[in-house]
1. Provide the convex hull volume over Cα atoms per residue for the range 110-192, in Å³.
2. The range 65-157: percent of C-alpha pairs farther apart than 17 Å?
3. Hey, got a sec? Which trypsin sites (Lys or Arg not before Pro) in the range 23-87 land in a DSSP loop and have at most 13 other Cβ atoms within 10 Å?
4. Rg and Dmax in Å for the range 28-119, alpha carbons only: what are they?
5. So how tilted is helix 113-139 from the main axis of the chain? Cα-based, degrees 0 to 90, rounded to 10.
6. Would you work out which of Leu88, Ser7, Ala188 lies farthest towards the positive end of the dipole of the chain, given +1 charges on the beta-carbon of Lys and Arg and -1 on that of Asp and Glu, about the Cα centre?
Amino acid sequence: MYSQGMSTSERLIESTRELLWERGYVGTSPKAILERADAGQGSMYHHFKGKPDLALAAIRRTAEELRAAAEGVLDGPGTPYERVEAYLRRERDVLRGCPIGRLTMDPDVIASHELRAPVEGTLDWIRGRIAGLVEEGKEQGQFVSSLDGEEIAAAVVATVQGGYVLARASGSPAAFDAGVRGLLSLLAPRPA
């Protein structure tokens, strides 16, 4: 499943990331992690203090990857609208859901300040970056001056996260795509 050159600690982190996405924190047992990582029984405690420490490493890695993917389109070429559009339309496994967004539904992650921090920080960063793009677009005259960058950013993130929920509930990415198209039509710059 993993490359032969991957260290045991890397296999443990990757296994935990996958299991957290699939099963959540409670459903991710040390036994399941070890089996998925093809690691010996003492491996987790050799590399990590325990399940919470390993889960934190996995959540941080997932958050870093999500942020890098978002950064790639939000800081990419194009007008502010085009970059928001690129973020909304970027490649996603819609039916699988968001690995960070799904953690917000996990009571054990939300109850732990340490586990929640990378989740909250990632969502805050995305909202902040989108809010900045809206403000940039207002300065360029692309967006109407009455738009509030923070409100639009919250609507973009809510559309993405809600789109995942609707797609998973229906078993089709069509609901996600419809939400994205609807939001983009509301944000589309008006001809001068």
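Only the coordinates and a few stated rules stand behind these numbers; no lab work does. Values in this document were obtained by computation on a predicted structure and should not be read as measured data. Cβ sites come from the backbone with ideal geometry, for glycine too, and all protein chains shown count toward neighbours.
1. On the way: hull volume 8.0 nm³, N = 83.
Spread over its residues, the Cα hull of the range 110-192 gives 97 Å³ apiece.
2. Working: 2283 of 4278 pairs.
Value for the range 65-157 (Cα pairs over 17 Å): 53 percent.
3. On the way: sites: Arg23, Lys31, Arg36, Lys49, Arg60, Arg61, Arg67, Arg83; in loops: Lys49.
Loop-located and lightly packed - Lys49.
4. Calculated on Cα positions, Rg and Dmax stand at 16.6, 52 Å.
5. 20 degrees
6. Checked the options; the winner is Ser7.
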